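Here the structure comes first, spelled out in structure tokens, and everything after it is commentary.
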Amino acid sequence: MLSELPGRIGRYEIDRRIGAGGMALTYRCRLEGLGGFSKKVVIKVLHPEHFGDETYVQMFLDEARLSACLHHGNVAQVFEVGDDHGVPYMVMEFVNGPNLASVSRRIGPFGERPYGLIAHMMSAVARGLGHAHNLKGDDGKLLGIVHRDVSLGNIVLSRAGVPKLIDFGIAKWNDKQNVTEVGLLKGKLHYMAPEQMSGETDHRVDIYQLGVCLYWMSTGRPPYHHEDPARVWKMRLAGEITPPSDVVEGYPAALEEIVLTALATRPEDRWQSASELADMLEAFCFSHPVHAATDDAVGQWVQELVPPEEFEDPSSRIVGTNASRRSLGELVQERTSEAIPAAIANPPVEGGSELTMRPGPPSGLPTWAVVALTAAGTVGLAALLALFVVMAVSGQSTSDRAASIYLEEAERLVEAGQRDAAVELVARAAAADPDDPDVVVELLRLQRELGAAAP
């Protein structure tokens, strides 16, 4: 166990944990100054597992360099890049609001989804993407930026009604230093455009992924869904998509045309630029008074949907156990043994109060797999190992992976008639607070089936 919790990252005071992914940890922090000055920021820190891996260090710095070049109201800004006793971090804009995955989860499968407000939000995100796609370097040439990870979890909605695109961690661009990723599949499988399987990607991949977000937000379900992932890909490649009007009665025909064009199987059949998609969405908002939308209207909607008092979990607040409030980098520096990555690689889930030491993963299993295996005492080892193999390449965050494991096993227990054990695992999945909309959909389905309380 670490002797104390970190109190700072560099000159920034840590306020609370935000999340942990495969590449980085994120914290909400404050910068204090003279006269009561205080500014909230988000700090992303390279995951300690990757300190010694030059590829991951370079990917982290690539994201920082790229993000610092982007200056648009619908893209979260990066202010600063630094290191704390050798721990690299980037300081980013704090957006006071939930991501769209959380918003969709709060609406639920049968809640009202205001088409005008959703189209207005997505048009703003498309403007942000257009800015990235058209960005040029100092030599006047296009940088060729492709985000490749546009998803509901990577769009944060401020309480003023302004959506912000985040996480350019796997973005493709011409000036990227890390060239070791050739041939690797990048992105979330549920959002990938058909051509991403072949590795041939351009900016129209982002248009497709934003189309997935638009379909999901406006219907409450993904455009392609099947128990067999291979079948999902066959449906995607064949363009076997269920029109939104077949999912939701009264779905606007004009919006359906926009969505289906964005989701065209062939890139040449889609909207050819993010700006074109934004224009079409804005035109839809002006097409009828019922669809009229503004940032203020979106802000009022999200504040009613996700009240501020329900947005933050008080247990996620970090309070150092020592008056020195030492920095994360100092604590990491103290632990120079092999056990360091395992100590910080697994920050506590929401509701915990400490960063705890855990043994290294046996037989090469990732640490998150060991944590899930230990927590779910009723889970069959063979079934979990099979799940680990699939999820290790899925691009999911740690919380999404853990939740997926719990839900898969809960489904098995339901079929076996062990409902009480299944309820317990569904509760664990909810506590993991997954962001992946597909995981959230499955969570809501099992909660309804088992009569479990909503998260």
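Just so you know, all these numbers are worked out from the coordinates, no wet-lab data involved. Fair warning: this is a prediction, and the values are worked out from it, not measured in the lab. Here Cβ is always computed from backbone atoms with ideal geometry, including for glycine, and neighbour counts include all displayed protein chains.
Summary table below
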quantity	calculated
At R0 = 30 Å, FRET efficiency that the Cβ-Cβ distance of Glu54 and Lys136 yields, to 0.05	0.55
Environment charge at Arg266 (Cβ cut-off 15 Å; Lys +1, Arg +1, Asp -1, Glu -1)	-3
Sorted by Cβ neighbour density within 10 Å, fewest at the top, the residues Leu281, Leu450, Leu34, Leu25	Leu34, Leu450, Leu25, Leu281
Ranked Lys40, Lys172, Lys141, Lys188, criterion: other C-beta atoms within 10 Å, fewest first	Lys141, Lys40, Lys172, Lys188
Largest to smallest principal axis extent of the C-alpha atoms in region 100-305, angstrom	47, 41, 28
In range of the label at Asp202: residues from region 237-267 whose backbone nitrogen is under 14 Å from the point 7 Å along Cα→Cβ	266-267
Arg266 versus Asp296: modelled label distance in nm, points set 7 Å from Cα along the beta carbon direction	4.6 nm
Neighbourhood charge, 14 Å Cβ-Cβ cut-off, centred on Gly161 and excluding it, Lys, Arg +1 and Asp, Glu -1	-1
Positive dipole terminus of region 199-259, leading residue within Pro243, Val232, Ala254 (C-beta point charges)	Val232
Net charge of neighbours whose Cβ lies under 14 Å from the Cβ of Pro243, counting Lys and Arg as +1 and Asp and Glu as -1	-4
Positive-end residue of Leu157, Met90, Leu117, charge dipole of region 14-172 with Cβ unit charges	Leu117
FRET efficiency, Glu112 to Glu276 (Cβ-Cβ, R0 35 Å, nearest 0.05)	0.75
For Trp216, Trp301, Trp271, Trp233, order by how many other beta-carbon atoms lie within 10 Å, fewest first	Trp233, Trp301, Trp271, Trp216
Separation in nanometres of the label points that stand 7 Å from Cα toward Cβ, at Glu449 and Leu237	2.9 nm
Over 27 Å (Cα to Cα) - which of Lys44/Lys141; Lys40/Lys164; Lys136/Lys164; Lys136/Lys234; Lys188/Lys234; Lys39/Lys164 fall in this group	Lys44/Lys141; Lys136/Lys234
Hydrodynamic radius of region 23-72 per Kirkwood, over alpha carbon pairs, in Å	12.8 Å
